[in-house]
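Down below is the structure, laid out as structure tokens.
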Amino acid sequence: TDTPDDNNANALPTGFILSDPYPNPFNSSCVIDYTLPYGAHTTITVHNILGRTIATLVDGIKPAGRYSVLWNGLDQTGEPAASGIYLYKMTTENFTDSKKLVLIK
């Protein structure tokens, strides 16, 4: 699920941020925080080391704010992803960033 972070609801973010996942490495699930300085169509996807999309965590228009999304280690079909190194990528119209995460079973 994708939820806004209400702790800093009054402070508008000044830039796009894709944070490091926690925990990392992880066993069953990890949390990815991200920040949008203005409303934008946002996607966050998880890719295996070969570049194949494993999971889509966010795909929609989001207002400005700080968000957290959980990856439960499952692929697009609902099957557990294999242990290994994955890249997660955030894309908007004007921003792209990716980071590494490690799934250990």
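Failed condition for L12, given (1) part of a strand (DSSP E or B); (2) over 19 Å from G84 (Cα atoms), with all others met?
(1)
Return the residues of the stretch 61-85 that are under 23 Å from P13 (Cβ atoms) and open to solvent by 50 Å² or more (accessible area, probe 1.4 Å); say none if nothing qualifies.
I61, P63, R66, L70
Under the condition of being open to solvent by 80 Å² or more (accessible area, probe 1.4 Å) and more than 18 Å from V31 (Cβ to Cβ), which residue from the stretch 86-105 is farthest from the chain's Cα centre (by Cα)?
Applying the filter and picking the extreme gives K105.
The values are calculated or read from the model by the stated rules, or taken from the named source; none is laboratory data. Just so it is clear, the model here is predicted, and its values are computed rather than measured. Cβ sites come from the backbone with ideal geometry, for glycine too, and all protein chains shown count toward neighbours. Side chains are part of the model used for accessible areas, which takes the heavy atoms of the whole protein and leaves out ligands, DNA and RNA. Shrake-Rupley method; radii C 1.70, N 1.55, O 1.52, S 1.80 Å.
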